Structures are given as C-alpha cells and as structure tokens.
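Everything on this sheet refers to the single structure shown next.
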Amino acid sequence: MFFVGEKVVYPVHGAGIIECIEQQEVLGTYRSYYVLRLYVGDMRVLVPVDGVERVGMRRICNADKLNEVRLILNEAPSPWEDNWNRRYRLNMDKIKSGDICQLAEVVRNLMRRDLVKGLSTGEKKMLDNARKILMSEATLAAGDEPKRVEEQLFAGLFEV
C-alpha cells in the first residue's frame with residue numbers, strides 16, 4: 001500500500017508523487033485509484049489501487065541503488081544485437097520492467113551506440129524517453145536539481 005505524498009515509479013512513464021487516493025466509477029463499478037503527478041511532462045495518471053503489482057508501480061530507489069545506477073552508466077556497453085528489431089524489443093522489455101538498473105543499461109547502450117554507429121529514428125526516440133524516465137526517478141531520489149543530478153549520473157559515461 002502506498003500513501004499520499006509518496007514518491008513512486010510508474011514503468012514506461014517515470015517517477016512521480018501520489019497526490020491523492022480517490023474513488024471513481026468505471027463501467028458501473030467503483031474503484032480506488034492512486035492519482036499520480038508524474039515528474040516528466042507534468043502528467044496526471046490514475047492507477048487502480050488493486051492493480052499496482054500488475055502495472056509494476058514501485059517506490060523510488062534509495063541512495064545505494066542510485067549509486068549502482070551511476071556505476072552501470074560508467075560500465076562498457078553490453079554486446080550489441082545486430083538485428084535492429086530484436087535490439088529494440090530487448091530494450092523495450094528492459095524499460096517496461098520498471099527496474100532502474102535495466103533502464104540505465106538501455107540509456108548507456110543507446111548513448112554509446114549513437115556515438116559509434118548512430119541510431120535509427122525509433123531508437124533515438126527510445127533513448128530520449130528512457131533518459132527522461134531515468135532522470136525523473138534519479139532527480140526525485142536525489143532530492144536535487146535536475147541539472148546537477150544529470151551531471152553526476154553521466155559524468156563518466158564517455159570515458160570508457
């Protein structure tokens with residue numbers, strides 16, 4: 001159970017804060033919903049209270065996990081799948097997992113691939129979205145300014 005004011009992550013959309021819990025009628029049935037205000041795009045999302053496990057909503061990471069993300073971003077990229085379609089699906093599965101470490105791998109790999117070979121339009125869009133999701137959680141977890149968090153996260157990304 002989550003509470004009002006708690007910082008959470010909604011996979012594929014990013015991190016946000018639970019503004020309230022409200023009852024709404026959908027198709028004649030009343031259900032309780034968490035009302036999230038997402039950090040990216042200032043979007044408002046309703047998540048059924050009884051469906052948080054299904055959608056993968058979780059609490060934001062702690063400082064230790066954020067340090068792990070920094071390390072992942074500074075590692076060498078994973079071996080690249082040559083087939084674009086398969087690579088795209090593998091990356092999308094990692095993003096959908098809701099795991100910030102897998103998300104960091106996607107960001108690292110795509111940023112490094114962009115430097116070496118360039119990215120297709122679809123992968124550029126994926127990188128932009130994955131980076132926004134990563135930054136939304138990292139910024140809320142660090143409790144700092146987005147620019148400073150970004151500098152800290154990506155400081156060593158291109159040194160490997």
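Summary of values
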| quantity | calculated |
| --- | --- |
| Matching residues, the range 6-26, being aliphatic (A, V, I, L, M) and either open to solvent by 10 Å² or more (accessible area, probe 1.4 Å) or without any contact (Cβ under 8 Å) to a residue 60 or more places away in the chain (or both) | V8, V12, I17, I18, I21, V26 |
| Selection count where residues are in a helix (DSSP H, G or I), under 17 Å from the mean Cα position of the chain (by Cα) and surrounded by 12 or more Cβ atoms within 10 Å (Cβ to Cβ), scope the range 30-66 | 4 |
| Conditions (1) of a type in the set (D, E, K, R); (2) more than 18 Å from Q152 (Cα to Cα); (3) at pLDDT 90 or above; number of the one not met by R112 | (2) |
| Test: residue in the range 71-88 that is open to solvent by 20 Å² or more (accessible area, probe 1.4 Å) and in a strand (DSSP E or B) | no |
| Qualifying residue in the range 98-111 (condition: surrounded by 19 or more Cβ atoms within 10 Å (Cβ to Cβ), in a helix (DSSP H, G or I) and among the basic types (K, R)) | yes |
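The values are calculated or read from the model by the stated rules, or taken from the named source; none is laboratory data. This one's a predicted model, so the numbers in the text were calculated from it and none came from an experiment. Glycine also receives a Cβ, built like all others from the backbone with ideal geometry; neighbour counts cover every protein chain displayed. Protein only, heavy atoms only, side chains kept; ligands, DNA and RNA dropped before computing areas. Shrake-Rupley method; radii C 1.70, N 1.55, O 1.52, S 1.80 Å.
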